[in-house]
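A.B. asks: Below: one structure in structure tokens.
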């Protein structure tokens, strides 16, 4: 059963077009009275994810009329400078490897810090206090800007620097990909699972020509591996244990 929204509180959801952010959008639609979404174009190799955002929003509205009523404007911001200052496999045509620092070269330094800072600035203008992101410490590649400590520290910094009372929500922080699929099922049943499987995009290479049981992607990059293994464990019922 859908929970009652938290009064008239509004939330801004970081919607990349991927599985995690689509699930977070459904999570927010269940909890807040009005929702706006924000995506970033930063020269990402898998820019096709941005093209998935509209169908995700439309599909969520079709699943639940109350969600459609709560879903407000969508925003996209260009952060081209991020690609200019980074040298990563997400912003360059480069092979995905492990760097000397122990992090995969898909890590874009400062990305989530910038995303949340710009989100807070937009939320200020739009009168939104809650900011929702899909950062996760459980199924991730060791990115330091996905850690819970990072998000908590940034919430403090944003509230001090903007003299605000923002709340940064990360509903996926302590769950894995199988549990993320299960969360989607709890929120919107089979229709939401199907929507996220078919319309969201995770593949780092931007491949939407190969269709798999778990969705579109190259099938070999780290993002596809995580999504596939999570789907298989979800379908096997592991996430319900």
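A.B. asks: Since residue 142 meets every condition but one in (1) under 16 Å from residue 26 (Cβ atoms); (2) touching a residue at least 24 places away in the same chain (Cβ under 8 Å); (3) in contact with a strand residue (DSSP E or B) (Cβ under 8 Å, 6 or more places away or on another chain), which condition does it not meet?
C.D. replies: Checking residue 142 against (1) under 16 Å from residue 26 (Cβ atoms); (2) touching a residue at least 24 places away in the same chain (Cβ under 8 Å); (3) in contact with a strand residue (DSSP E or B) (Cβ under 8 Å, 6 or more places away or on another chain), the one that fails is (1).
A.B. asks: Mind listing whichever residues of the stretch 203-222 are in contact with a helix residue (DSSP H, G or I) (Cβ under 9 Å, 6 or more places away or on another chain), in contact (Cβ under 8 Å) with a residue 40 or more places away in the chain and not in a strand (DSSP E or B)?
C.D. replies: 203, 204, 205, 206, 208, listed by residue number.
A.B. asks: Now, a different point. Out of the residues in the stretch 55-87 meeting the condition of being under 28 Å from residue 205 (Cα atoms), loosely packed, with under 14 Cβ neighbours inside 10 Å and in contact with a strand residue (DSSP E or B) (Cβ under 9 Å, 6 or more places away or on another chain), tell me which one is modelled with the highest pLDDT.
C.D. replies: Top of the filtered list is 76.
A.B. asks: Restrict the check to the stretch 169-177 and report whether at least one residue is in a helix (DSSP H, G or I) and over 19 Å from residue 37 (Cβ atoms). I'd like the intermediate steps shown before the answer.
C.D. replies: Step one: list which residues in the stretch 169-177 are in a helix (DSSP H, G or I), which gives 177.
With over 19 Å from residue 37 (Cβ atoms) added as a condition, the list becomes 177.
Looking for residues that are in a helix (DSSP H, G or I) and over 19 Å from residue 37 (Cβ atoms), one finds at least one in the stretch 169-177, hence yes.
A.B. asks: Give the residues of the stretch 11-30 that are within 14 Å of residue 65 (Cα to Cα) and crowded, with 23+ Cβ neighbours inside 10 Å, sorted by residue number. Break it down stepwise before answering.
C.D. replies: Going residue by residue through the stretch 11-30, those that are within 14 Å of residue 65 (Cα to Cα) are 26, 29-30.
Those that are within 14 Å of residue 65 (Cα to Cα) and crowded, with 23+ Cβ neighbours inside 10 Å: 26, 29.
A.B. asks: Give the residues of the stretch 153-167 that are outside any helix (DSSP H, G or I) and either modelled with pLDDT under 95 or more than 24 Å from the chain's Cα centre (by Cα) (or both), sorted by residue number. First the steps, then the outcome.
C.D. replies: Going through the stretch 153-167, the residues outside any helix (DSSP H, G or I) turn out to be 163-167.
If the condition is that a residue be outside any helix (DSSP H, G or I) and either modelled with pLDDT under 95 or more than 24 Å from the chain's Cα centre (by Cα) (or both), then 163 is the only one that fits.
A.B. asks: Another question, then. Scan the stretch 189-198 and tell me whether some residue there is assigned to a loop (DSSP other than H, G, I, E, B) and at positive phi.
C.D. replies: Filtering the stretch 189-198 for residues assigned to a loop (DSSP other than H, G, I, E, B) gives none.
No, the stretch 189-198 contains no residue that is assigned to a loop (DSSP other than H, G, I, E, B) and at positive phi.
A.B. asks: Follow-up question, since we're still on this one. Answer yes or no: is there a residue in the stretch 190-202 that is within 20 Å of residue 55 (Cβ to Cβ), in contact with a helix residue (DSSP H, G or I) (Cβ under 8 Å, 6 or more places away or on another chain) and without any contact (Cβ under 8 Å) to a residue 24 or more places away in the chain.
C.D. replies: yes
A.B. asks: Now, a different point. Any residue in the stretch 189-199 that is surrounded by 15 or more Cβ atoms within 10 Å (Cβ to Cβ) and more than 25 Å from residue 47 (Cα to Cα)?
C.D. replies: The answer is yes; a qualifying residue exists.
A.B. asks: Which one of 172, 154 is under 28 Å from residue 225 (Cα atoms) and crowded, with 17+ Cβ neighbours inside 10 Å?
C.D. replies: Of 172, 154, the one residue that is under 28 Å from residue 225 (Cα atoms) and crowded, with 17+ Cβ neighbours inside 10 Å is 172.
A.B. asks: Please enumerate the residues belonging to the stretch 31-48 that are out of contact with any strand residue (DSSP E or B) (no Cβ under 8 Å at 6 or more places or on another chain) and either surrounded by fewer than 21 Cβ atoms within 10 Å (Cβ to Cβ) or modelled with pLDDT of 95 or more (or both). Break it down into steps so the answer makes sense when it comes.
C.D. replies: Going residue by residue through the stretch 31-48, those that are out of contact with any strand residue (DSSP E or B) (no Cβ under 8 Å at 6 or more places or on another chain) are 43-46, 48.
43, 45, 48, listed by residue number.
A.B. asks: On to the next question. Can you tell which of 150, 138 is within 18 Å of the chain's Cα centre (by Cα), modelled with pLDDT under 95 and part of a loop (DSSP other than H, G, I, E, B)?
C.D. replies: Details: 150 fails: part of a loop (DSSP other than H, G, I, E, B).
Going through 150, 138 in turn, the sole match is 138.
The values are calculated or read from the model by the stated rules, or taken from the named source; none is laboratory data. Model, not experiment: these values are computed from the prediction. Positions of Cβ are generated from backbone atoms using ideal geometry, with glycine treated the same way; all protein chains shown enter the neighbour counts.
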